[in-house]
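Only the coordinates and a few stated rules stand behind these numbers; no lab work does. What you see is a predicted model, and the numbers here were worked out from it, not measured in a lab. Cβ coordinates were reconstructed from backbone atoms using ideal geometry, including for glycine residues, and neighbour counts include every protein chain displayed.
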Amino acid sequence: MEDIPYLQQMQNEHAVFCIAMRELGVEVLLLADLVADVIATEAGRERLVREACDLNHNPALAQPILDKCSPDDIARVVFEGLTEREFATVTHESTEDLTVHHDRFLIDPSPNSYFTRDPAMVFRDEVISCNAHYPARIRETWVTHTVLELHPSFAGTKFIFGASDLEARPYTIEGGDIIVINEDAIAVGRSERTRTETIALLAANLFRQGKAKRVYEVEIPPERVYMHLDTVFTIVGPKSVVFFPLVIEHSPSVRCYEASDDGKPNVKREKRTLIDILKDELGEPLNIIRTANGDLRYAAREQRSAGSNMLALAPNVVISYERNIHTNKALRDNGVEVLEIPGSELVRGLGGPRCMSMPLVRSSAESG
């Protein structure tokens, strides 16, 4: 979380986001509801509690929580954390051995859980389970992995990446850095949070399983405002892209991993720019829409309010924050339908509608 939002207004804005999707026929699954379903099972409840306690170096807390907390209490712990006072209240355990600071967190909260894009993503009906860079976000990846593995709606889920201990941290990768270009190619941002070594592992898995033919590693500045590739670049239609020009038009490095006959990646330094690559992969003419229509003053402002990060619900139909006035106008001027939602509080976490979604099933004609 980048800032301290006004929670009630934030929840209202997120509700509008969900309504906008449902009105276009999208089935919206809330992570909190899926977690509640998993907690209703003994295996899911135990796994989520023990993961949360182990991550906070308090494994001894797990059994008292499992023995004495209700499923609703455990669901709150998963997202809101647990203080000493709350532990004593829900478990009726003595706090004599704890510090006198009853508001100290024994299990930290998970305030970024509304950015569901980062813990995992679905590609070709299989899951890339991610590893968060910063410790504060590790539990999000574990919770999402557990849901995808144990929830009955996702029975039989296969993992392209992230199911093996050999692919665990420090091989960090986050879903916001992964953008599907077409059925054969994906782009992965080498960013503040995704390592080149991880991209190489992912590419090898994709090629070995026949899931992709090309993986493009796109370097972006390791700065907070350019957190992930999808904060500076989004595909919104079959031949339409939105990007922040100061980064994408000056991208210093693109590497291409290509599948070979033996399944191992061939790696080469691209002579093409990312824009040239997109023209080749998506076809020409490529409809390029710049943040704030390329006006550098407004683009810098709207970049910070997720102006390059919108969710494509269908070809050339997107959800965007209403505050990105100039980018939304540029989208409409280029034939893209824009559904605007409020985002004054949601954006305080430095993420937009694409960050707040993790498509599970979508038709091949859709983007995002």
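Looking at segment 1-74, which GluC sites (Glu not before Pro) are in a loop (DSSP not H, G, I, E or B) and have at most 11 other Cβ atoms within 10 Å? Walk me through the numbers on the way to the answer.
Working: sites: Glu2, Glu13, Glu23, Glu27, Glu42, Glu46, Glu51; in loops: Glu2, Glu27.
Here the GluC sites (Glu not before Pro) that fit, given the DSSP loop and packing criteria, are Glu27.
Measure nothing but the geometry: give the 0 to 90° angle between the long axis through the Cα atoms of 71-80 and the longest principal axis through the Cα atoms of the chain, rounded to 10°. For 71-80 against the chain, the angle is about 50 degrees.
Of all DSSP-defined beta bridges confined to the chain, some 60% are antiparallel rather than parallel.
Residue by residue, segment 122-127 carries 3J(HN,Hα) couplings of 9, 9, 6, 6, 10, 10 Hz when phi is fed to the Karplus relation 6.51 cos²θ - 1.76 cosθ + 1.60 (θ = phi - 60°); x denotes Gly or Pro.
The antiparallel fraction among DSSP beta bridges confined to segment 224-368 stands at about 55%.
When a/c reaches 1.5 or more, the comparison of a/b and b/c decides; with that in mind, is segment 130-213 rounded, prolate or oblate per its Cα gyration tensor? Provide the component values of the computation, followed by the final result.
Values: a/c = 1.69, a/b = 1.10, b/c = 1.54.
The shape class here is oblate.
Distance between Cα centroids, segment 242-277 to segment 4-25: provide it in whole Å. About 36 Å separates the Cα centre of segment 242-277 from the one of segment 4-25. The GNM of the chain, with springs linking C-alpha atoms under 10 angstrom apart, assigns the highest mean-square fluctuation among Ala155, Ala120, Ala212 to Ala155. Just in segment 211-242: which GluC sites (Glu not before Pro) are loop by DSSP and have at most 15 other Cβ atoms within 10 Å? Here the sparse-neighbourhood loop sites are Glu223.
Listed by chain and number, the lysines whose C-alpha is less than 21 Å from the C-alpha of Lys239, apart from same-chain residues fewer than 8 away, are Lys213, Lys279, Lys329.
Between the DSSP loop rule and a limit of at most 14 other Cβ atoms within 10 Å, which GluC sites (Glu not before Pro) in segment 154-207 are left?
Values: sites: Glu167, Glu174, Glu183, Glu192, Glu197; in loops: Glu174, Glu183, Glu192.
Listed in order of number, the matching sites are Glu183.
Segment 141-197 and segment 35-76 have Cα centres spaced 24 Å apart. Assuming a viscosity of 1.306 mPa s and a temperature of 10 °C, what translational diffusion coefficient in µm² per second does Stokes-Einstein assign to the chain, Rh being the Kirkwood radius over Cα pairs? Estimated via Stokes-Einstein, D reaches 74 µm²/s.
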